[in-house]
Structures are given as C-alpha cells and as structure tokens.
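**Q** Have a look at the structure that comes next, please.
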Amino acid sequence: MTTENGSSPSIVVVGGGLAGASAVRELREAGHDGPISLVAAEPHPPYERPPLSKGILLGTAEAESAQVLETQWYADHDVSLFTGTAVTGLDPAAGQVLLGDTHLAYDRLLLATGSVPRRLPELDAHHLPVTYLRILEESVALRGWLVGATDGHLLIVGAGWIGLEIASAARQAGIRVTVVDPADQPLLKVLGPEVAPYFAALHRSHDVDLRLGVTVQEALADGAVMLSDGDTVRPDLIAVGIGVAPDDRLARAAGLAVEDGVLVDASLRTSDPRIFAAGDVANHDHPVLGRRIRVEHWDTAIHQGRAAARAMLGQGAPYERLPYFFTDQYDMGIEYVGSVGPDGYDEVAIRGDDLVAGLSALWIKDGVIVAGMHANDWDAIDDLRALVGGPAPEGTTDPEVTLGDLASRLG
Ligand SMILES: Cc1cc2nc3c(=O)[nH]c(=O)nc-3n(C[C@H](O)[C@H](O)[C@H](O)COP(=O)(O)OP(=O)(O)OC[C@H]3O[C@@H](n4cnc5c(N)ncnc54)[C@H](O)[C@@H]3O)c2cc1C
C-alpha cells in the first residue's frame, strides 16, 4: 500500500502492550518499509502480562523474560520506540497523535491502549496497604512482599482469574489467604454454576479461606476491614482483582465511536477509516460469533495486533479467530476456547470430576458447542478447537465418549 504521493504510509501505534508489539512486528514481517512509531506510556519496552501473576509472582521467571521483543529488535527494524511517553490526544482531521507540546503524523493509526484495573475507592481512601496487579512494578513488589511476609495475611478482593492466580502464588509462598467475592462461586460469569465449583474446591484444598457471597463492607481507620458476612479481618495487604475497563479515553475524546471500548468493524477498523484498534481496548464486530465482543486475553492481543497491522497495509480480512485463554493455578492449568453469548447456554457436558486429575467441559446452546475447556488434559485443545463453533455431535453429553471420538464424528 502507498500514500497519495507514492510513499509507504507512516504508521503510529499507541500503546506498548502485547497488541501494539505484535502489530509492529507484523508490519515489518509483512514487508512494510515506511516509518513506524510505537508510543508506550510505561517506562519499559512492551511486555506480556500473564507472567505477572504466574512466573514472576512465583519467583520462577525473571521480569526480563516477559518482554515481547528484545529491546534491540526495535532499532534493528527501524521502529521508533517511545517509552515512558503518553499520547495526550488525537487529531484525526490533521492525522496527528499529540505528545504534549509535540506531535507525530500518521497515515494509519493503531489504538492498542489496553485496559486499566477497576478500583475500589473506599480502600484507596483509607490508605490501606492495597495493590492491584496490572503492571510489572506491581508484580515485582507483590513478589517481594510474598517472600518477606512470613505469617502474612493477604486479603484478595475478587475471585476472578487474577485474584485466583494471586491466591495460588501466595499459598505457594506460605501466605495466609482470604478471598472474598460477591458471587456464589468463583469465576461464575465465565464458567457457570456447573464448572465454577471445581475452582472453589481447588482453592479450598490449598487452604484458601474462600468466602463467597461476601464483599468488603467497610474499611476501618485502624487498618481492619469489615466484611459483609459480619466478620472483621486485619490483612497485612489487600490485593484487588475486580476486573478491568477498556482504556478508550483517547478515542472517546477524539470523537470516535466508543461503547465499552473502541468500536471496530470485522477488520478492526474504527469509525475513522484511518484508525484501527486491537486487543483489550477493541470492541469487535465478530463475524463468526455474529455479535460484538471485547476480549481481554493474551491470544486476542497477539492475533488482533497482527490482523490490524495487515489491515493498515490494505491487506485486511475479517478477524474470525475465536477467543482463547489459559490460566495456571497450583499444579493445574486450563485452556478455554469459544464464548458463551449473552443468551447463555442450555447445558454443559462435563468429563471428569477433578481439575487436577483432568476435566473437560463443553457448553452447548441450541445444539451448537459454543465454548469448550480442559483442565490438565493438554492433548485436548486441538479437539476442542475442532468442536467449538459447530453442531454438537451425537454423544456430546455422554461422558464415556472421549473428546477425540467426538471430534472424529464431525463431518
Ligand atoms: C496479571 C495479569 C495476568 C494475565 N494473565 C492472562 C492469562 O493467563 N491468559 C490470558 O489469556 N490473558 C491474561 N491476561 C490478560 C492479557 O495480559 C491482556 O489481555 C493483554 O495484556 C492485552 O494486551 P493489550 O496490548 O491489548 O493491552 P495492555 O497489555 O493493557 O497494554 C496497553 C498499553 O498501552 C499503554 N497506554 C495506554 N494509554 C496510552 C497512551 N495514551 N499513550 C501511550 N501508551 C498508552 C498502557 O500503559 C499499556 O502499557 C493477564 C493480564 C494481567 C494483568
């Protein structure tokens, strides 16, 4: 693709996370030889976040290992990497991103600004020792605390993926852990009442004090926290993992279409034809799911980053990949593919009865397998990928029929 004057377009990527880094790599691999700038608010070159609640928190991985591309890669590929630099605004009419007093001109722009943790202001206001877990510094600091806090007590607010991964790392460091969540089960919204209890059992088997249907009622001035079950706890540290919100502030201020993230079409183009969005911030019109979806997962950041890069070069195609994510907790890991829509599901076919020993689940809606998951059954993902999105074959709800057999029954 060339600009009107015949030169290669100038491309600016805002956001130095996984989506941004994946995009700039793809641009060069696809042969783009025009200028590329990657503007990252954080002081580091782009890094992956999953290790923040896994390897780095467990002390089994170095912070540097999370980097997406070696620092030298950017210079070697003539990508201008601005770290510690926040884009302050967009001027779509002029084709400029604003960096305070200065600006960068673009022919194509990718917004990959990710998401930011939802906060609990009542805890922040009392100056209690609170941490969130989104950035490298928080992970390193939390690891330091886990190692140093002998007999420490960690209160985790939120039994979602991040909260449960923190619980896992903390228990493995010998920390006393209480987890509170207003829902009746951990991960209830994603897994439903059939599968979520297995996660409650897993954490309780590791002596996590898991309090469900319980919220933080009040932070007391003396550092204690009153819970809605009437109990008062006195944690040494509180980790809050209550979800994230898309960081769509730049797009909103610039007048782009925004609703729970930056609205993009099937090919990741925003309401401005020169601007694209990818990763956590993108609210995507998914052509296969037939509805809008915003996905906050590692795999989507990589693949949407790449797809947006190709789209910016005029090689766009509908982004059709189904959502995928993974988690590791204790000696158990899961992979999940697909998505249960707002209308829910009719039934769940579960094989196995223990996450560690191996378990799989298929969520079925109107005769279609809309999502599938395995725990500790690492050969299952190919079968799950084959099954999800298609009609449930005969035997889907029969636990005696293996996933492999089911996949082989597909037409
Ligand atoms: C602790 C943790 C563990 C996770 N574990 C898993 C996992 O096991 N499996 C999984 O699938 N997913 C996991 N995720 C989710 C996954 O990491 C995210 O989906 C992914 O990071 C999204 O990438 P992104 O590039 O879209 O956004 P981000 O990673 O949020 O990066 C966006 C970047 O843009 C920058 N930015 C924002 N505004 C500006 C601006 N105005 N100017 C310049 N820069 C700006 C931000 O500072 C940030 O660095 C985890 C996330 C966290 C936090």
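**Q** Kindly list, by first and then second residue, each pair from a residue in the stretch 41-57 that is free of Cβ contacts under 8 Å to residues at least 12 places away in the same chain to a residue that is more than 7 Å from the ligand (Cβ to nearest atom) and aliphatic (A, V, I, L, M), limited to pairs with Cβ atoms under 6 Å and residues at least 6 apart or on different chains.
**A** Close Cβ pairs (under 6 Å, with a partner that is more than 7 Å from the ligand (Cβ to nearest atom) and aliphatic (A, V, I, L, M)) amount to Gly55/Ala61.
**Q** Scan the stretch 260-282 for residues that are away from the ligand (no atom under 12 Å from the Cβ), farther than 18 Å from Ala93 by Cβ and open to solvent by 10 Å² or more (accessible area, probe 1.4 Å) and jot them down.
**A** Listed by number, the residues that qualify are Asp260, Leu263, Asp265, Ala266, Ser267.
**Q** For the stretch 383-397, state whether one or more residues are hydroxyl-bearing (Ser, Thr, Tyr), open to solvent by less than 20 Å² (accessible area, probe 1.4 Å) and at pLDDT 95 or above.
**A** Among the residues of the stretch 383-397, at least one is hydroxyl-bearing (Ser, Thr, Tyr), open to solvent by less than 20 Å² (accessible area, probe 1.4 Å) and at pLDDT 95 or above, which makes the answer yes.
**Q** Still on this structure: Given the conditions (1) under 30 Å from Ala173 (Cα atoms); (2) open to solvent by 30 Å² or more (accessible area, probe 1.4 Å); (3) part of a helix (DSSP H, G or I), and given that Leu52 satisfies all but one, which numbered condition is not satisfied?
**A** The failed condition is (2).
**Q** Give the stretch 233-263 a look and list any residue that's under 14 Å from Gly15 (Cβ atoms) and over 18 Å from the mean Cα position of the chain (by Cα), or say none.
**A** Answer for the stretch 233-263, where residues must be under 14 Å from Gly15 (Cβ atoms) and over 18 Å from the mean Cα position of the chain (by Cα): Arg249, Leu250, Ala251.
**Q** Additional query: For residues that are hydrophobic (A, V, I, L, M, F, W, C), more than 17 Å from Val24 (Cβ to Cβ) and out of contact with any strand residue (DSSP E or B) (no Cβ under 6 Å at 6 or more places or on another chain), tally how many sit in the stretch 276-294.
**A** The total comes to 2.
**Q** If Trp298 satisfies all but one of (1) more than 10 Å from the ligand (Cβ to nearest atom); (2) in contact (Cβ under 8 Å) with a residue 24 or more places away in the chain; (3) open to solvent by 20 Å² or more (accessible area, probe 1.4 Å), what's the number of the condition it fails?
**A** (1)
**Q** Any residue that is within 16 Å of the ligand (Cβ to nearest atom), open to solvent by less than 60 Å² (accessible area, probe 1.4 Å) and either at pLDDT 95 or above or of a type in the set (Ser, Thr, Tyr) (or both) - is there at least one of those in the stretch 117-127?
**A** yes
**Q** Can you list the strands (runs of 3 or more DSSP E) found entirely within the stretch 96-176 that contain at least 1 residues being within 23 Å of Gly17 (Cα to Cα)?
**A** It comes to 96-99, 102-105, 108-111, 115-117.
**Q** Which members of the stretch 309-328 meet the condition of being more than 10 Å from the ligand (Cβ to nearest atom) and either open to solvent by 20 Å² or more (accessible area, probe 1.4 Å) or within 18 Å of the chain's Cα centre (by Cα) (or both)?
**A** Arg310, Gly314, Gln315, Gly316, Ala317, Pro318, Tyr319, Glu320, Arg321, Leu322, listed by residue number.
The values are calculated or read from the model by the stated rules, or taken from the named source; none is laboratory data. The structure displayed is predicted, hence computed values, not measured ones. So basically every Cβ, Gly included, is an ideal-geometry build from the backbone, and we count neighbours across all protein chains shown. What goes into the accessible areas is simple: the full protein's heavy atoms, side chains included, and nothing from ligands, DNA or RNA. Shrake-Rupley method; radii C 1.70, N 1.55, O 1.52, S 1.80 Å.
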